[in-house]
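Read the figures in this text as sums done on the coordinates, not as results from a lab. Just so it is clear, the model here is predicted, and its values are computed rather than measured. FYI the Cβ positions are ideal-geometry reconstructions off the backbone, even for glycines, and counts take in every protein chain you see.
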Amino acid sequence: MKKIISNIIILFFAVLISVNEVKADRIKDMASVAGVRSNQLVGYGLVIGLAKTGDGSVNLTKQSIAAMISQFGVIANTADIDASNAANVMVTANLPPFAKPGQTIDVTVSTIGKAKSLKGGTLLMTALKGADGEVYAIAQGNLVVGGLGIEGADGSSTIQGTPTVGRIPGGASVERLVENTFLEKDNIVLNLHQADFSQADKIAETINDTFGPDVAIPLDSTSIKVQTPKNPSQKVSFIGLLENINFEPVSPKAKVVVNSRTGTVVIGGDVRISPAAVAHGSLSVKIQEDTKLLSEGTGTVVGTSATVAGTTATTAQDTEIEVDEQPARAFVFDPGIELQTLVDALNETGTTATDMVAILEALREAGALRAELIII
């Protein structure tokens with residue numbers, strides 16, 4: 001451990017040089033330190049100062065206004081309150097790791113009533129609580145609203161953006177510190193953003209090559225335990241060096257991701273296809289139903305139906321069926337073809353996104369697709 005501490009200054013310059021010279025991924029872009037995370041905060045509040053775009057007759061808003069002004073010694077009946085210029089809102093924020101009392105964070109304000117716009121509104125003092133029910137920040141300030149809503153006297157209206165949601169940059173002041181044992185531990189754990197045994201082993205190997213043997217130990221496909229200096233003043237510098245180490249990442253797992261709602265298909269670079277022959281065509285059937293009016297009282301024959309003189313007009317159903325079958329396009333995949341060959345073959349056949357999804361699913365069922373097919 002003393003050897004690690006003594007080498008920090010020398011390694012600092014070595015890591016900075018490698019950052020500029022080597023075009024590779026940094027550890028900080030592939031993993032995060034366990035326990036160093038943000039916390040979600042939420043609170044209920046009132047926005048006032050709206051130009052007749054508030055909740056109006058919503059009873060919850062009236063009760064909130066009455067409860068708020070009662071704190072100043074004013075007793076009000078909800079029947080006497082008009083909430084057209086006010087709105088009840090939910091306030092949300094993320095409390096960053098290591099945030100100290102007195103620092104400010106951004107907040108998002110969203111309506112929960114009938115308010116049509118928060119433009120020009122001011123959020124009154126709102127307590128923001130964490131999952132444990134404790135107050136960690138206090139929010140207040142003027143809202144910044146990007147949306148626009150306009151309504152005419154005849155009832156016509158237009159909305160651009162989302163005028164019912166606003167933000168207050170730096171609108172909340174942190175009041176409570178979240179306890180963190182970061183400086184007390186002798187080890188940290190790096191958690192990969194995407195689980196991969198090869199990647200975890202590669203990162204641990206790179207850390208050991210930089211700081212010395214047995215400094216990093218891969219625990220599983222997601223986590224890597226790293227020894228840190230015991231002196232708290234050196235721990236931050238050590239992690240700063242650790243995060244900026246460059247390494248050549250391993251190839252990710254071969255995947256094909258299909259968005260069934262939009263038809264988007266993303267094919268990873270390591271996708272391979274076993275020998276397979278694919279024939280794909282499209283069949284479209286068009287059915288048109290129509291009603292044909294037969295002439296009245298003339299005895300004329302239309303098709304197979306006839307009218308008799310003196311009778312009322314009659315109708316007959318007329319159905320047209322049109323079948324359009326495109327010839328199937330066949331192509332053969334050679335053993336282990338790469339992504340570019342696969343894409344070129346599919347593009348040459350003029351396949352749509354839906355056709356491509358059908359082909360990929362069929363290849364998976366046939367066992368010819370050497371990749372994980374993920375449908376979202």
Given 221-229, 83-91, 98-106, the highest-first ranking by average Cβ count within 10 Å works out to 83-91, 221-229, 98-106
Would you kindly derive the ³J(HN,Hα) couplings of the range 41-58 from the backbone phi angles with the Karplus curve 6.51 cos²θ - 1.76 cosθ + 1.60 (θ = phi - 60°), listing them in order in whole Hz, with x for Gly and Pro?
10, 8, x, 10, x, 10, 10, 10, x, 7, 8, 6, 10, x, 6, x, 8, 5
What is the extension gain from Tyr44 to Asn59, computed as 0.36 nm multiplied by their sequence separation minus the C-alpha to C-alpha distance, in nm to one decimal?
3.9 nm
Lys and Arg at +1, Asp and Glu at -1: neighbours of Glu175 with Cβ under 12 Å from its Cβ sum to +2
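If you take every residue apart from Glu361 with its C-beta less than 14 Å away from the C-beta of Glu361, what net charge results, scoring Lys and Arg +1 and Asp and Glu -1? Each step should come with its number before you reach the end.
Working: positive: Arg364; negative: Asp355, Glu365, Glu372.
Value of the local net charge: -2.
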Please compute the Kirkwood hydrodynamic radius over the range 39-174, one decimal place, Å, based on all pairs of different Cα atoms.
15.5 Å
How far apart, in nanometres, would the label points at Val144 and Ser32 be if each is projected 7 angstrom from Cα along the Cα-to-Cβ direction?
2.4 nm
Listed here are the pairs Lys100/Lys225; Lys52/Lys114; Lys52/Lys129; Lys202/Lys230; which of them are more than 23 Å apart at the Cα?
Lys100/Lys225; Lys52/Lys129; Lys202/Lys230
